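Quick notes on the structure that follows.
The values are calculated or read from the model by the stated rules, or taken from the named source; none is laboratory data. Just so you know, these numbers come straight off a predicted model, no measurement behind them. Virtual Cβ from ideal backbone geometry, glycine too; neighbours counted across all protein chains shown. Just the protein is used for accessible areas: all its heavy atoms, side chains included, with ligands, DNA and RNA removed. Shrake-Rupley method; radii C 1.70, N 1.55, O 1.52, S 1.80 Å.
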Amino acid sequence: MMRTIDNQSQDIFLNGLSLLLGIGLIAAPWYFGFASETAAAWNAWIFGTTVAILAVLALMQTYDWEVYAIAAAGLWVCLAPWALGFQEATVATWAHVSFGIALIISASSEVWRLRESPSAYEV
């Protein structure tokens, strides 16, 4: 069974935030100047695009699998600097950790809404 919620303003805000974070992650390699670091740049582009697509889907009606996928992407983005061997304490590392934490917080807030809101229901 999946849980879903007919989006209200809070859900649209949280999914919009995830969309902006995804777009920000896509732009981060150019904005922060690590586009030449292959692993860091490609990771940002791939997971930024993934998050942006999931957030657009969730803007209409939020399903729990979309939110869990965004949270998992956020967790990976946080861990990627060490898993992929970025240089320690670089801008790429801090950008990934910052975006990852923000994605986890946003997705966790939406999971809470899916679990606690009276307007959420099983499909």
Roughly what percent of Cα-Cα pairs across the chain reach past 23 Å? 30 percent
Across 5 Å bins beginning at 0, the whole-percent shares of Cα-Cα pair distances in region 15-62 come to 6, 27, 27, 18, 11, 7, 3, 1
In the chain, what percent of the accessible surface is made up of carbon and sulfur (1.4 Å probe, ligands and nucleic acids excluded)? 72 percent
So how much slack lies between Ala27 and Ile101, counting 0.36 nm per residue of separation and subtracting their Cα-Cα distance, in nm? 24.9 nm
Highest-MSF residue in the chain out of Leu17, Leu59, Leu84 [GNM, Cα springs under 10 Å]: Leu84
With a probe of 1.4 Å, find how much accessible area the chain has per residue, and write the answer as a whole number in Å². 51 Å²
Distance in nm between Ala35 and Val123 label points, each 7 Å along Cα→Cβ, equals 3.7 nm
Residue separation between Leu20 and Ala72 times 0.36 nm, minus their alpha-carbon distance, gives in nm 17.0 nm
